[in-house]
Amino acid sequence: MRKVFRERVSTSISWPFLIKLINGLTWALPFLLIPFFQKYYPFLLLTGLSLGNISTFIFLKKYSKIFSIEQLITGALLLSSLLIVTIYYNYTDHYEMILFSTRVMISVSYGIGGLVGYFKNTDDNAPAASSPGLH
């Protein structure tokens with residue numbers, strides 16, 4: 001786990017400044033807007049997490065040649081959660097339930113993404129099976 005984290009951080013340091021800025025804004029800008037638009041907290045939270053994960057996936061793939069499918073899956077699940085919460089928001093006045101469902105969807109998205117990353121790394125570290133063909 002430390003190796004994966006260290007690899008991603010050390011390679012993202014070498015990205016061009018504009019790319020680092022764009023990636024940082026996709027993560028941070030929605031969170032910076034929360035104090036000004038508190039009513040839209042669940043939407044801003046899901047937006048920041050989904051766009052942050054998706055942009056990091058894109059930039060890791062393009063600039064660092066790291067294919068972190070778990071980030072793409074997490075970002076896509078969070079983005080679909082944003083759509084679900086938006087639809088649910090239009091049909092209910094129960095704000096606490098919206099907050100609860102947002103937290104559940106974030107947990108499930110990161111849980112699934114983490115499992116995909118775990119099994120992907122487990123498969124990468126497994127010894128290669130010998131081929132049944134002639135040697």
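Straight-line reach from Lys120: taking Cα to Cα under 29 Å and skipping same-chain neighbours fewer than 8 places apart, the lysines in range are Lys3, Lys20, Lys61, Lys62, Lys65.
Heavy-atom accessible surface of Tyr40, to the nearest 10 Å², is about 100 Å², with a 1.4 Å probe and all protein chains retained.
Charge dipole of region 1-110 (Cα centre as origin; +1 on each Lys and Arg Cβ, -1 on each Asp and Glu Cβ, all else neutral): 600 debye, rounded to the nearest 20.
The values are calculated or read from the model by the stated rules, or taken from the named source; none is laboratory data. Computed from a predicted structure; not experimentally measured. So basically every Cβ, Gly included, is an ideal-geometry build from the backbone, and we count neighbours across all protein chains shown. Please note that ligands, DNA and RNA were not included when accessible areas were found on the heavy atoms of the full protein model with its side chains. Shrake-Rupley method; radii C 1.70, N 1.55, O 1.52, S 1.80 Å.
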